[in-house]
Structures are given as structure tokens and as C-alpha cells.
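Chemist: Before anything else, here's the structure in question.
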Amino acid sequence: MAIRIEDLAEIIGAYPVTKEKTDLDSPVEGVFTQSVYARKNTAVIAARWYDVDSTVKEALERGACAVFTTEKDAVRYNDPRVMAVRDPLDSVERFEKWCEKDCYAKRITITGSVGKTTTTGLINTVISDYYNTLTRHSASNSHGAILRGFQDLKPEHEYWVQEVGGVQPHYIESSAYMMHSDAVVLTNIGVSHLDKYVTKEEIFRDKSSLERYAKLNAVVIINKDDPVLKSADYCHRVITFAVKDKTADYFCENVTTTDKGMELDVICGVGEIFHVKTNLFGDYNAYNVLAAVAVGKWAGIPTDNIIQSIGKYRPSGMRQNMLNIGGYRILVDCFNAEPKTVLGSAQTLSQINLKNEGRKIFITGHIDKLGENSAKMHAELGHQLSGLDVDIMCFYAGDSRYTYEAVKEDGFENALYFDDRNELDDWIRDNVKSNDVTFYKSGQFEAALAKTIDHVYGTKMQNEQQFNEGKIYEQGDYQIKLRQDDIAELHKYRGKRKHEKLPEEYEGKKIIRISGGAFNHNHDIEEVDIPDNVVNIGQEAFYVCDNLRKVTLPKNLKIIERSAFNYCRCLQRLELPKGTIHIDYRAFRDCIQLEEIIIPDTVGYIGEEAFKGCDNLTIVCPKGSYAEKYALDHDINFRIQ
């Protein structure tokens, strides 16, 4: 999309409020309501869902070419880029109508208190495998995200799958009118955001607005096991799914969860029965699968295609993901939480059968936005957790102390409470072993266990948090990206020097990661020194640096991501520091002159093809280490250190 400011102003009904006028011929390449996305040649509409003053100021600071707000607010800034509109939300709708011209994609919207993101991911996969589909990142469910979706909509799209989240009364309703859905999926009505909605009835009223504003011939697909959804009245044809209620149009039997994922038999109301295997963990995911099946059937997709699409879906990053990080098996679900989902996560862990002498460790924390009954709900959760087959439970921050007290009161001895994140991180480092399975379950605010995972393992889960895209700053030949929590990443290097000593910090913030592709295809660099505070070298960070011959790795390195040094043809010798735990897929593939790599006993994972094409390589490692076993299994020369 590229229009002029003058065209955009006409579309949304904007007018200047200063004597000095902005350049109306300037191009506009994107329109946002969230100032965090502002940059050169973009415009921001300061809708009422976000603080107007901070939105306008940040948009201008980030270089937006135009900012629109009410006349009352616009006159305060004395900046020609700030223009007035009668009603910012109305202006958003007018622009969205302009964007959707000549676009006729059927729209599937998904909302609910919990489970909607996994449901959206499954539906995205099922629909996009069969139709030309506009799909959005599952976390992109805000009013502003829907505005961005309208700008991505094209005439060739047959479907648009959109998750819709709510944070306060009327929030979803402000988007429901413009979405004008063809199918609405309601997963459940829980207690998330009770701090603003106050009652479940208000939560339902806002979420069900998607159905009230849907097209006349639309369908609403509901979870029949949810008492609020089951008892409600609807304006459109209803399709139901359930795990418990066998009168639903789609239900299931024989739900099992293993260390490979969840499986179930799906029964359709017409008598069709089929088996589905998933990469999801937890019986509660049966609801998400059934919703995806119902949508797929409604969209006319053959059963075999639906089964195949569901089977290949994998959650990303910090959402319901089973990961092997450096040999440590961890289950991660750290985007959203409420008592029901925390309990379900612990139940999932309890059902996993360990084949070794490892332990089941459950780590959770304060549940955000439960309102005035938060302490009581945390305590009730503790009484539900106390009888589960879990070896250790850890609780972190806020009202999770009441959960901890409840499990202890019920006689569960191996429970720990931490109110300091550093103490929690240190406990994990000192106590969690590679044969354990650890489940991290939290939201992304007060407990935010994604931070702890990053601290301990060197991952970058926090990058998936909302509004954590970061901002890029120039420093000589470098681009540095700053994210939340003062995280600094070396984003890009554009220099031509042969020997480069990378910067340790930017404006007092330590650089702890090298971003994916930061140096890729740099044919000048021959030697690089990486500062000790770097813990993660990103995907393809030094890909095809074909004259790179020497790398000094940081002492605190944890992870070398996939293809990080792929095709560094002049690299001859490398020593990994003790503490490194993870070498990913193709990390050193086709490093044809690599003769020796020293791998410490802390490394617990080496991906396939990590050293493919390194025909002259000798791995130097301790006896009995993972590296020795990898060398034996892959017929690579090795020498005991």
C-alpha cells in the first residue's frame, strides 16, 4: 500500500490545525493505531484504546509522516504532521473500508478467554493449506492488528483468518462491525481480564459482538461444554463442538497425551469417525482441534486434508511448545494464563510417563488480571494442584504465594515459592537436570516466565511478547536493536573491515544476542571477536562469510542457532566455551576447512547436519560427553580431551 498524505486525509476526514502545513505529497506506506510500529512514511491514528499523548509523542519520535487525533488534542502539539479528525475510531473504520474495496475473502474470526491462539493457529493451517488465505500471527489479535490485517488484504484472498482479543468492555465490538464475519468461533468464557470486564456476562457480551455483527448467512461455532456459550441465544446458525457433551455436532473420544503429543478420535454428527494425531500437549487441546475440524468442514475441506493439516501444526516459541534446549526437555506456555489453563498444564505434565529417572517439575507464577478475587482464585488453584503426580512445584511472584500455601497446606512437600526472579533462575540452574521434564506456565506480565527461560537457557522467548518488536539504532557500521527489559541485540553489520571486535554494549545496555543474518554474505570479514556477554548467536548470523577464518566466542555463550556459520569455508578451528549447551541444525555445515572443534561436556544437543560437509573435522571432547556420542553416531573423527 502506498498513498499520499493528502489522499489518506481525504479518506479519513482529516484536516490541518497549524498554519504550517505538512508535505501532503509525502507517501504513506502503512497506517497504525499503535505508535510502536511507527517509522518513516507511516501514519498513526491515535484511537482511544491507547493513551493519546504517549501515542502522538512516540509516533512523532519514530518519524511518522502524519499523526491523526481529535482537534482538541491536535492543537496541543504545534506540529504540522499532527492533523485533526472528528472521531479517531470512525477514521479507522473509514480507512478499513477503503482497504477492503474489491476484496471478498470470507472472514473467520476466533475469540474466547483461553485457547483462542492455538485454535487460530490450527484453523490458519487447515484453511491456508487448501485456500489462498490471509493469515496473521496468532498473537496479532488487537484492534491495531486488525487494522494492519485490512492493509494486507488482497483481492486474490479467498479467506481471512483473524484472532480477536478483548481487554475491556466494547473493545472487540469496535472491530466486530468492520470484520463482518462469515464464521465466528467462540472457544470459552473464562476469568481473564475480569479486572476490567468485572463479570463473565460482560466478557461474553463483548466477545459475542463478532456474532451479532456477522453476515446474515454466517455461522457461529461454539464450545458446547462451556455453560455461558451453551445457554446463550444467537442470531445465526450454530455449530457445536464438545469433549464432554456427546450431543455436539463434533465431539471426541480416546484422548491421550504422550511425550510425542496428543491424539484423539473425532466423531462428527453425521456418523463420520477419524483419528487425529497432533504436536500439542494436554488433553484440553482437544477443544482446539475440534474447533479446527468444525471450521474445516464448514469450509468444504476434505477430511484427509484436515487431518494432515492438524498433524503438521506446531505451536511457536512460548506457546504450548515442547522443546529440547541443550538436552533439557521443557514445555513452554508463557503467553497467557488463567487458573483453568494452569491446572490443565500441570495435569498434562502429570500424565507424561518418563522412561528414565527424571522428575516432573512444574513452574508457574502470578496470574494476571483476575480482579478483586485474585488471592482466592490462586488459593483454590493450589488445592486443585496438590493431588497431581508432579515431583516439584515452583511458584513465582505476587498472588502465587497463596497457591504455594494451599499446596503446602494439603501436604505437598516439594513446593517452593520465590519472590525474586534471580533466585528462581539460580534454583533452576542448580537443580534442573537434563533427564527432567519441566513445564513453564505463565502469562507475559508479572510472572513472565519467558524471561526466566531466556536467562537460564540463552533462548529468546521474550521476543514473542506483545509490543516487543524493538527499535533499531545506528552506531557506526552497526545496527543495534533494543527490546523490552533493556535487551540489546546486534542487529546488522554493514562494515568492510577484515578484523572486527564487536561492541559490548549500547548506551549502557549489554548486547546479549547476535541477530539472525547479522553478518550473512559479508565477504570481507576474516576475524571476529564476540564479547563475553553474548549468549545467543542467531540463525544464519555468519552465513556465507566465506573468508571468515577465526572466531573468538564469548565466555557466556549458550546457543548457536541453525546455520549460524554455514558455509564459512575458511574457518579452521573453533573452541566452544564451557557453558555452551546447544548447537543447532546445520550450524557449521560446509565449513570445508574446519579441522578441529573443541566441544565441552555442557553441550547436550547437536542438530542434524551440524557438521555435514566438514570432511576433515575432528571433534575434541570429554569422554562420555554428548559430543562423543554424536561423533560416533555420525561417523565423525573425534579425540578425547
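The values are calculated or read from the model by the stated rules, or taken from the named source; none is laboratory data. What you see is a predicted model, and the numbers here were worked out from it, not measured in a lab. Cβ coordinates were reconstructed from backbone atoms using ideal geometry, including for glycine residues, and neighbour counts include every protein chain displayed. Areas reflect the complete protein model, heavy atoms only, side chains present, ligands, DNA and RNA absent. Shrake-Rupley method; radii C 1.70, N 1.55, O 1.52, S 1.80 Å.
Chemist: Hand me the trypsin sites (Lys or Arg not before Pro) from the range 581-641 located in a DSSP loop with no more than 13 other Cβ atoms within 10 Å, in residue order please.
Modeler: Loop-located and lightly packed - K623.
Chemist: Next question, about the same structure. Go ahead and estimate [θ] at 222 nm for the chain from helices alone: -39,500 (n - 2.57) per DSSP H run with n ≥ 4, summed, over the residue count, rounded to 500.
Modeler: Mean residue ellipticity, 222 nm, calculated: -7500 deg cm²/dmol.
Chemist: Sticking with this one: Under 5 Å between amide hydrogens, which residues at least 5 positions from E505 or on another chain qualify, with H placed 1.01 Å from N in the peptide plane?
Modeler: Residues meeting the criterion, in which the H sits 1.01 Å from N, are I511.
Chemist: How far apart, in nm, are two points set 7 Å out from the Cα along the Cα-to-Cβ line at E507 and at E423?
Modeler: 3.4
Chemist: What is the dipole size for the range 199-259, taken about its Cα centre, with +1 at each Lys and Arg Cβ and -1 at each Asp and Glu Cβ, in debye to the nearest 20?
Modeler: Working: 10 positive and 11 negative charges, 54 e Å.
For the range 199-259, the charge dipole is close to 260 debye.
Chemist: Specify which residue in the list N536, Q593, Q572 is farthest towards the positive end of the charge dipole of the range 500-641, using unit charges on the beta carbon of Lys, Arg (+1) and Asp, Glu (-1), about the Cα centre.
Modeler: N536
Chemist: Counting pairs of alpha carbon atoms under 8 Å apart in space and at least six apart in sequence, what relative contact order in percent does the range 1-94 give?
Modeler: 31
Chemist: Okay, next question. Ranked from the most accessible area to the least, with a 1.4 Å probe and all protein chains present, what is the order of C570, C252? Please list the in-between numbers first.
Modeler: Details: C570 35, C252 5 Å².
If we order C570, C252 from most to least accessible, we get C570, C252.
Chemist: Summing +1 for each Lys or Arg and -1 for each Asp or Glu, what net charge is found among the other residues whose Cβ lies under 10 Å from the Cβ of T18?
Modeler: Numbers: positive: K19, K21, R81; negative: E20, D79.
Here the charged neighbours net out to +1.
Chemist: Given the C-alpha centroids of the range 329-354 and the range 112-132, what is the distance between them in whole angstrom?
Modeler: The distance from the Cα centre of the range 329-354 to that of the range 112-132 comes to 21 Å.
Chemist: Then there's this: Starting from the Cα-Cα distance between Q484 and I592, subtract it from 0.36 nm times their residue separation and give me the gain in nm to one decimal.
Modeler: Numbers: separation 108, 0.36 × 108 = 38.88 nm, distance 3.93 nm.
This chain segment gains 35.0 nm when fully extended.
Chemist: From the phi of every residue in the range 183-192, what ³J(HN,Hα) in whole Hz does the Karplus formula 6.51 cos²θ - 1.76 cosθ + 1.60 yield, where θ is phi - 60° and glycine or proline is x?
Modeler: 3J(HN,Hα) across the range 183-192, in whole Hz: 9, 10, 10, 10, 7, 4, 10, x, 10, 4.
Chemist: To the nearest 20 Debye, how big is the dipole of the chain about its Cα centre, given +1 on the beta carbon of each Lys and Arg and -1 on that of each Asp and Glu? The partial results should precede the final answer.
Modeler: Details: 79 positive and 97 negative charges, 146 e Å.
Roughly 700 debye for the chain.
Chemist: Between I472 and D265, what is the label-point separation in nm under the 7 Å Cα-to-beta-carbon projection?
Modeler: Modelled inter-label distance: 5.4 nm.
Chemist: Where does each of 380-388, 424-432 land if you order them by average Cβ count within 10 Å, highest first? All intermediate terms of the calculation are to be shown ahead of the outcome.
Modeler: On the way: 380-388: 18.9, 424-432: 16.6.
Peptide ranking by packing, descending: 380-388, 424-432.
Chemist: Next question, about the same structure. Suppose R0 equals 60 Å. What FRET efficiency, 1/(1 + (r/R0)^6) with r the Cβ-Cβ distance, do S54 and E409 give to the nearest 0.05? Display every interim value, and only then the final one.
Modeler: Details: r = 44 Å, r/R0 = 0.73.
In this case the efficiency is close to 0.85.
Chemist: Oh, and also: Taking the DSSP beta bridges in the range 217-290 as the whole, what percent of them are antiparallel, to the nearest 5? Mind dumping the intermediate values first?
Modeler: Details: 12 of 18 bridges.
Here the share of antiparallel DSSP bridges comes out near 65 percent.
Chemist: Of all accessible surface on the chain at a 1.4 Å probe, what whole percent is carbon and sulfur? Kindly include the intermediate steps, with their values, before the conclusion.
Modeler: On the way: 11870 of 26580 Å².
Carbon and sulfur atoms account for 45 percent of the accessible area of the chain.
Chemist: Dipole magnitude of the range 541-641 about its Cα centre, charges +1 at Lys/Arg Cβ and -1 at Asp/Glu Cβ only, in debye to the nearest 20?
Modeler: Numbers: 14 positive and 14 negative charges, 73 e Å.
That gives the range 541-641 a dipole magnitude of about 360 debye.
Chemist: Rolling a 1.4 angstrom probe over the protein heavy atoms, how many square angstrom per residue are accessible across the chain?
Modeler: On the way: 26580 Å² over 641 residues.
Solvent-accessible surface per residue comes out at 41 Å².
Chemist: Show the residues, 5+ positions off or on another chain, whose built amide H is closer than 5 Å to the amide H of V82.
Modeler: Excluding prolines and chain starts, which carry no amide H, the hits are V67.
Chemist: Say R0 is 41 Å: what FRET efficiency, to the nearest 0.05, do L632 and K550 get from their beta-carbon distance? Could you put the intermediate results ahead of the total?
Modeler: Details: r = 29 Å, r/R0 = 0.70.
Calculated transfer efficiency: 0.90.
Chemist: Sticking with this one: Subtracting the Cα-Cα distance from 0.36 nm times the residue separation, let me have the gained length for D615 to T247 in nm, one decimal. All intermediate terms of the calculation are to be shown ahead of the outcome.
Modeler: Numbers: separation 368, 0.36 × 368 = 132.48 nm, distance 6.20 nm.
In short, 126.3 nm is gained.
Chemist: Applying 1/(1 + (r/R0)^6) with R0 = 60 Å to the Cβ-Cβ distance of R494 and N353, what FRET efficiency is obtained, to the nearest 0.05? Mind dumping the intermediate values first?
Modeler: Values: r = 52 Å, r/R0 = 0.86.
It comes out at approximately 0.70.
Chemist: Within the set of other residues whose C-beta is less than 12 Å from the C-beta of V266, count the net charge using Lys and Arg as +1 and Asp and Glu as -1.
Modeler: Neighbour charge sum, excluding V266 itself: -3.
Chemist: If you don't mind, another one. Which net charge results when you count Lys and Arg as +1 and Asp and Glu as -1 among the other residues whose beta-carbon is under 11 Å from that of E609?
Modeler: Values: positive: R562, R586, R589, K612; negative: D584, D590, E608.
Charge balance near E609 sits at +1.
Chemist: Roughly what % antiparallel, to the nearest 5, for the DSSP beta bridges in the range 369-498?
Modeler: Numbers: 11 of 15 bridges.
Of the beta bridges lying entirely in the range 369-498, close to 75 percent run antiparallel.
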